[in-house]
Amino acid sequence: MSTASAAPAAGAQEKSHQLSLLPLIALVVGSMIGGETYERGGAGRNRDIVVGGLATIYGVWLCYAAGPKYLLLTTILFAPATVIYMLARRERGERMFTAGELAIAALVTAAALYAIYELLTGGISV
């Protein structure tokens, strides 16, 4: 296989890895905030908070290293997933969003709209 044909595959792989950065951060922050499964004063809780904190710092660093271009492109894929989330919550008879979830959904949607605008006007190229 020539290097010319391998280059697009490598670029696609790089972009697919960057898609996992935002869920990674959400997961580790959620693990630090959560804690419903821990007994009061559980020894494992403190260790998990430290590990979650380190993972959050690392995830934020990875997002910084990836650059804003790929993070904006990622939001284009995550914004429509918000609709699926809302439908699932409605089907279960639950409240659509908590205040924090609403803020995150609004931020992701605004970033996705901005990314689409930048794609259409040539500000971001893929």
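The values are calculated or read from the model by the stated rules, or taken from the named source; none is laboratory data. Note that the structure is a prediction, hence the values are computed from the model and not measured. All Cβ positions, glycine included, derive from the backbone under ideal geometry; neighbour counts span all protein chains shown.
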Subset of the stretch 63-72 [assigned to a helix (DSSP H, G or I) and either loosely packed, with under 15 Cβ neighbours inside 10 Å or without any contact (Cβ under 8 Å) to a residue 12 or more places away in the chain (or both)]
TYR64, ALA65, PRO68
Tell me, yes or no, whether the stretch 117-125 has at least one residue that is in a helix (DSSP H, G or I) and closer than 21 Å to LEU27 by Cβ.
no
Assess whether ALA55 counts as being within 20 Å of PRO23 (Cβ to Cβ), part of a helix (DSSP H, G or I) and not assigned by TED's automatic domain parsing to the domain that holds LEU24.
no
Going by what's in this entry, would TYR64 be described as more than 12 Å from the chain's Cα centre (by Cα) and of a type outside the set (Val, Ile, Thr)?
yes
Conditions first: (1) assigned to a helix (DSSP H, G or I); (2) more than 17 Å from ALA26 (Cβ to Cβ). GLU94 passes all but one, so which condition is the exception?
(1)
What pairs come up if the first residue lies in the stretch 98-126 and is surrounded by 13 or more Cβ atoms within 10 Å (Cβ to Cβ), the second is part of a helix (DSSP H, G or I) and among the β-branched types (Val, Ile, Thr), and their beta carbons are under 6 Å apart, counting only those six or more places apart or on different chains?
ALA105/THR82; VAL108/THR75; ALA111/THR75; ALA112/THR75; ALA112/ILE76; ALA115/THR75; ALA115/ILE76
Given (1) in contact with a Leu (Cβ under 6 Å, 6 or more places away or on another chain); (2) modelled with pLDDT under 90, identify the lone condition not met by ALA115.
(2)
With the condition kept exactly as written, say whether any residue in the stretch 102-110 is farther than 21 Å from VAL28 by Cα, more than 14 Å from the chain's Cα centre (by Cα) and not assigned by TED's automatic domain parsing to the domain that holds LEU27.
yes
